[in-house]
Amino acid sequence: MKDGMEIVKGLKKKQFSYKELVKEVSQKVAKLNPELNAFVTFETDQPIKDEAPILKDEQPLSGLPFPLKMLGQEKQGWLATSGSKLFQTHRSSRNSNFVSQVEKIGLIPLGQTNAPEFGFKNITDPQLYGPAKNPWNLAHSPGGSSGGAAAVVASGILPIAGASDGGGSIRIPASFCGLIGLKPSRGTMPVGPHAWRGWQGAAIDFGLTISMRDTKALFAGLRSIHSGAPYQVSPAEWQEHPPKKRLKIAVCTESPIHTKISDEARQAVTNAVTFLAQEGHEIIEINYPLDGRALIQSYYQMNGAETASMIHSIESGVGRSVAQNELEPISWVLLEYGKKVSAANYIQSLHVWDHAAITMEELFQTVDLFLSPTTAFTAP
């Protein structure tokens, strides 16, 4: 499959028109989506014209169709269900800042992809839309919560799709589907105008791709700082530097919570290490640098409290309580748990995150990369 920049090159050279490109994509969707259930809507933002959109040289992805994830990536007038029965017919009243930036760099929203309710699962099987399937094997999941996006890209329908990650939701589908899944640091991607903090900065909008040059172009185009955003990253961190010829790479194949790691996951790391060593890079083995169980506990304290706040806001908006049968079990459990999280425990959970961030910052003072399995097992 051609990557996004290659397709845009074809548009600029008039090897095909935008209308022809969308027609080809539509034919792929008609053929593949009934089995994949990757797209949950397939609508375009404008009538498809013969001529391509304005293609700017400084925007290497301009003119490329870009599926939006049906969770947080809101387009004015489009459905905005968050994968929940609660919002089955809800439409967004305005663009999210992420989608506005997507359009600013010339990407063209086209369709919306499947996601679990509120993004709470690492598989994609919302009651509202049904399960998305893994293109490599339809009996398996593409992961989640960006499972629909991963299925779109891995199946060859399009080379880039909008995705987001609050606890592995880009990285896990990338692992299960053989894609490139970068989760950018908090403070680099557009947030708001509703969820400025996004799970206290954990939830980041970005995308899934098939090439590093697309990933780089997407990051360079989307990165931005909004004066009102609670997390800010210095633009100095965006500067490019000459690549090192020899990297120092820390490797760990153990679980951060001391559970089983499959042979397949270990072998994937071994294969990568063998290649990197052959390329001349320095490999060092280390113990996992973080207390995984403390992180899990702090993560669910945050997640539970954020869920309770979210549902409270929904109830205030609709003027009634949300019933248990209106939410999927995991959402209801997180809600009930979140009601019991004290303010002190919630704040303490964020202290655990801060300590983990400093620990990793210290690690990267001595190494260039940290390599470990993305998941303990292959796609379920």
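The values are calculated or read from the model by the stated rules, or taken from the named source; none is laboratory data. Predicted model, so just to flag it, every value in this text is computed and none were measured. Glycine gets a Cβ as well: all are built from the backbone with ideal geometry, and neighbour counts include every protein chain shown. In case anyone asks, the SASA skips ligands and DNA or RNA and just uses the protein heavy atoms, side chains included. Shrake-Rupley method; radii C 1.70, N 1.55, O 1.52, S 1.80 Å.
When the helices in the chain are scored as -39500 (n - 2.57) per DSSP H run of 4 or longer and the sum is shared across all residues, what 222 nm value do you end up with, to the nearest 500 deg cm²/dmol?
-11500 deg cm²/dmol
Around Ser185, what is the net charge, scoring Lys/Arg as +1 and Asp/Glu as -1 over all other residues with Cβ under 12 Å from its Cβ?
0
Can you tell me how much longer the chain between Ser92 and Lys56 gets when fully stretched, taken as 0.36 nm per residue apart minus their C-alpha distance, in nm with one decimal?
Fully extending the segment from Ser92 to Lys56 adds 10.1 nm.
Give me the percent of Cα-Cα pairs in the stretch 251-334 that sit more than 22 Å apart, rounded to a whole number.
55 percent
I'd like the Karplus ³J(HN,Hα) series for the stretch 18-26: coefficients 6.51, -1.76, 1.60, θ = phi - 60°, whole numbers in Hz, and an x wherever there's a Gly or Pro.
4, 4, 5, 4, 5, 4, 5, 4, 4
Leaving ligands and nucleic acids out of the surface, order Trp332, Trp196 by accessible area at 1.4 Å, largest first.
Trp196, Trp332
Counting only other residues whose beta carbon sits under 11 Å from that of Ser141, what net charge do I get with K and R as +1, D and E as -1?
Net local charge, Ser141 excluded: +1.
State in Å² the accessible area per residue of the stretch 178-224; use a 1.4 Å probe, count heavy atoms of protein chains only, and round to the nearest integer.
Averaged over the residues of the stretch 178-224, the accessible area is 39 Å².
Mind checking which of His90, Val152, Gln59 is farthest towards the positive end of the stretch 36-152's charge dipole, using Cβ charges of +1 (Lys, Arg) and -1 (Asp, Glu) about the Cα centre?
Farthest towards the positive end: His90.
Among (i) 22.8, 93; (ii) 20.8, 68; (iii) 20.8, 63, only one was calculated for this model; which label is it, if the read-out is Rg and Dmax of the Cα atoms in Å?
Derived directly from the coordinates: (iii).
Of the trypsin sites (Lys or Arg not before Pro) in the stretch 211-282, which ones lie in a loop per DSSP and count no more than 15 other C-beta atoms within 10 Å?
Listed in order of number, the matching sites are Lys244, Lys245, Arg246, Lys260.
By the scheme Lys and Arg +1, Asp and Glu -1, what is the net charge of all other residues having a beta-carbon under 13 Å from that of Thr253?
So the environment of Thr253 carries a net charge of -2.
What nm distance separates the two modelled labels at His258 and Phe364, each placed 7 Å from Cα along Cα→Cβ?
With each label placed 7 Å out from Cα toward Cβ, I get 2.8 nm.
Would you mind telling me which residue in Thr209, Thr41, Thr113 has the biggest mean-square fluctuation in a Gaussian network model of the chain, where springs connect alpha carbons within a distance under 10 angstrom?
Thr41
Return the distance in nm (one decimal) between the two label points of a simple spin-label model at Val318 and Arg246, each offset 7 Å from Cα along Cα→Cβ.
Taking the two extended label points, one gets 6.2 nm.
Just the number, please: carbon plus sulfur as a percent of the accessible area of the stretch 3-140, 1.4 Å probe, no ligands or DNA/RNA counted.
Percent of accessible area from carbon and sulfur atoms in the stretch 3-140: 49.
Across every pair of different alpha-carbon atoms, what Kirkwood hydrodynamic radius in Å does the stretch 213-360 reach?
About 19.9 Å for the stretch 213-360.
What list of ³J(HN,Hα) values in whole Hz, one per residue of the stretch 335-344 in order, does the Karplus curve 6.51 cos²θ - 1.76 cosθ + 1.60 (θ = phi - 60°) give from phi, with Gly and Pro shown as x?
Couplings: 4, 5, 5, x, 5, 9, 7, 6, 4, 5 Hz.
Say the cut-off is 32 Å between C-alpha atoms; which of Lys14/Lys216; Lys121/Lys248; Lys183/Lys339; Lys23/Lys245; Lys104/Lys248 go over it?
Lys121/Lys248; Lys23/Lys245; Lys104/Lys248
Report for the chain the percent antiparallel among DSSP-assigned beta bridges with both residues inside it, nearest 5.
Here the share of antiparallel DSSP bridges comes out near 50 percent.
Report Met5's accessible area, 1.4 Å probe, all protein chains in place, as a number in Å² to the nearest 10.
Estimated to the nearest 10 Å², Met5 gives 50 Å².
Classify the stretch 310-364 from the C-alpha gyration tensor, please: rounded if a/c falls under 1.5, else prolate or oblate depending on whether a/b exceeds b/c.
Prolate shape, in that a/c is at least 1.5 and a/b is the bigger ratio.
FRET efficiency for Glu6 and Asn345, Cβ-Cβ distance as r, R0 = 51 Å, nearest 0.05?
Efficiency, rounded to the nearest 0.05: 0.55.
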